[in-house]
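Have a look at the structure below before the remarks.
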Amino acid sequence: MITNEQNVLNANIPNLKLKVRRSWLTKNDEDLNTYDNCYAFAVQSIAGKILTFHIMTDYGMLRSRVPISELFLKETDNDIPADFKQLWDCFSENVSIIEYLYLAEKRCKVILKDKRMVWATYLFTVDWFSNPYSDKPTDYKCGHILLADDGYMLCQPNNRIFWKDSNFITNEFPVDPKDFKVDTELQCVEAKSDRWVSSNENSFYYDINEVTK
């Protein structure tokens, strides 16, 4: 279970035993196809940048701001570009991390930028707040952190993922996927024209009177 006292800039994540591409850590070009064991234990979110991680290597080096594009479960011959792994830069430094129990270890298909579909497994979710994009319903996006079967990591929004659950998700889409609309507003119940007030503010179970503006 994840608990964050302050969901700003840095946030804890479930500890992930991964591999980091050594060429990101060193000056040596020949290290491109060499990987070091590490644990990723936190993320850092900077507006307009790729999502990065704090990691500890098995030789005792702590590194921060390691991009999601440089972390892997295993060595792979089928790596993809960084802008395929994460479609949108981080929206702000205000970040929240949650591991949705309902999605824990769920399998899914991800649609990449070139329309290929790859299988992946859910890890946790990054959600941003208090910025012009996340606060606008039509622009809001969270980032689900997934582990692709080919070994690389992904940060993908809801509309790029098709989830698998053989116990529940058994039906075909009822309409063309393009017919599903985006949210255009986040409703506010106190913004209605009618107000409701209590007739006796000293009573816990008070009567309700409608007051029309």
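Fewest neighbouring Cβ atoms within 10 Å first, the residues Thr125, Thr170, Thr34 line up as Thr170, Thr34, Thr125. Each Lys and Arg adds +1 at its Cβ and each Asp and Glu adds -1 at its Cβ; summed about the Cα centre, segment 10-179 shows a dipole of about 80 debye.
Counting only other residues whose beta carbon sits under 9 Å from that of Ile46, what net charge do I get with K and R as +1, D and E as -1? Overall, the nearby charge balance is 0. Looking at (1) 77, 42, 31; (2) 57, 46, 28; (3) 49, 44, 36, which value of Cα extents along the principal axes in Å comes from a calculation on the structure shown? Computed from the coordinates, Cα extents along the principal axes in Å corresponds to (1).
For the residues Val189, Val110, what sequence is obtained by ranking on other C-beta atoms within 10 Å, fewest first? Show your work: numbers first, answer last.
On the way: Val189 5, Val110 19.
In order of increasing Cβ crowding within 10 Å: Val189, Val110.
Ranked for footprinting exposure by Cβ neighbours inside 10 Å, fewest first, Met153, Met56 give Met56, Met153.
Which lysines, on any chain, are close to Lys49 with Cα under 22 Å apart, when same-chain ones fewer than 8 places away are left out? Within reach: Lys19, Lys85, Lys113, Lys136, Lys141.
Where a number appears in this text, it was derived from the coordinates with a stated rule and is not lab data. Values in this document were obtained by computation on a predicted structure and should not be read as measured data. As a convention, Cβ positions derive from the backbone with ideal geometry for all residues, glycine included, and neighbour counts pool all protein chains shown.
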